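Visitor: This structure is in structure tokens; I'll ask about it shortly.
The values are calculated or read from the model by the stated rules, or taken from the named source; none is laboratory data. Given the structure is predicted, the values throughout are model-derived calculations rather than measurements. As a convention, Cβ positions derive from the backbone with ideal geometry for all residues, glycine included, and neighbour counts pool all protein chains shown. Ligands, DNA and RNA are stripped out before the accessible areas are found, and what is left, the full protein with its side chains, is counted by its heavy atoms. Shrake-Rupley method; radii C 1.70, N 1.55, O 1.52, S 1.80 Å.
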Amino acid sequence: QVQLVESGGGLVQAGGSLRLSCAASRRTFSSDAMAWFRQAPGKEREFVAGISRSGQSTYYANSVKGRFTISRDNAKNTVTLQMDSLKPEDTAVYYCAAGLRVEIRVDRYEDWGQGTQVTVSS
């Protein structure tokens, strides 16, 4: 079991950038595929980006392609989400998740962080 803690959320103007980080508590972090999900008020949690265990493969929701970049540093047990050209519709609580492989379904992940709020103003 891996413990995940997100950080880096905050308030930013449209067009700005934020970088989210997810820190894992286990040195077995490299065994997990990682993903970022987000959930806006009144909406279902949705897949944002994912990265394979090795970091070789990355996946993005169409809504964030070209704007967000997911990466990982297995030596430091961290995964990051660089968010550029932010839009108001990106406003949500962002969650880090760990699983056996990258999946877009929320129920395919075993471990979740507490989430970090991202608010993008117009």
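Visitor: When each pair of different Cα atoms in the range 1-56 is counted once in the 1/r mean, what is the Kirkwood radius in angstroms, to one decimal?
Guide: Values: mean 1/r = 0.0755 Å⁻¹.
This gives a value of 13.2 Å.
Visitor: Rounded to the nearest 10 Å², what accessible area does residue 38 show when all protein chains are kept and the probe is 1.4 Å?
Guide: For residue 38, solvent-accessible area is about 10 Å².
Visitor: Determine, from the Cβ-Cβ distance of residue 121 and residue 73 and an R0 of 25 Å, the FRET efficiency 1/(1 + (r/R0)^6), rounded to the nearest 0.05.
Guide: Numbers: r = 30 Å, r/R0 = 1.22.
After rounding to 0.05, the efficiency reads 0.25.
Visitor: Which percentage, to the nearest 5, of the DSSP beta bridges contained in the chain is antiparallel? Write out the running numbers ahead of the final one.
Guide: Details: 36 of 40 bridges.
Of all bridge pairs located within the chain, approximately 90 percent are antiparallel.
Visitor: Hey, another quick one. Which one, 63, 31, 21, has the greatest fluctuation when you compute a Gaussian network model over the chain with C-alpha springs under 10 angstrom?
Guide: 63
Visitor: Ok, one more. What is the percent of Cα-Cα separations in the range 47-116 that go past 17 Å? Show your work: numbers first, answer last.
Guide: On the way: 1019 of 2415 pairs.
I get 42 percent for the Cα pairs in the range 47-116 exceeding 17 Å.
Visitor: Would you kindly calculate the mean projected area, averaged across all directions, of the convex hull enclosing the Cα atoms of the range 1-111, in square nanometres?
Guide: Numbers: hull surface 25.4 nm².
With every direction weighted equally, the projected area is 6.4 nm².
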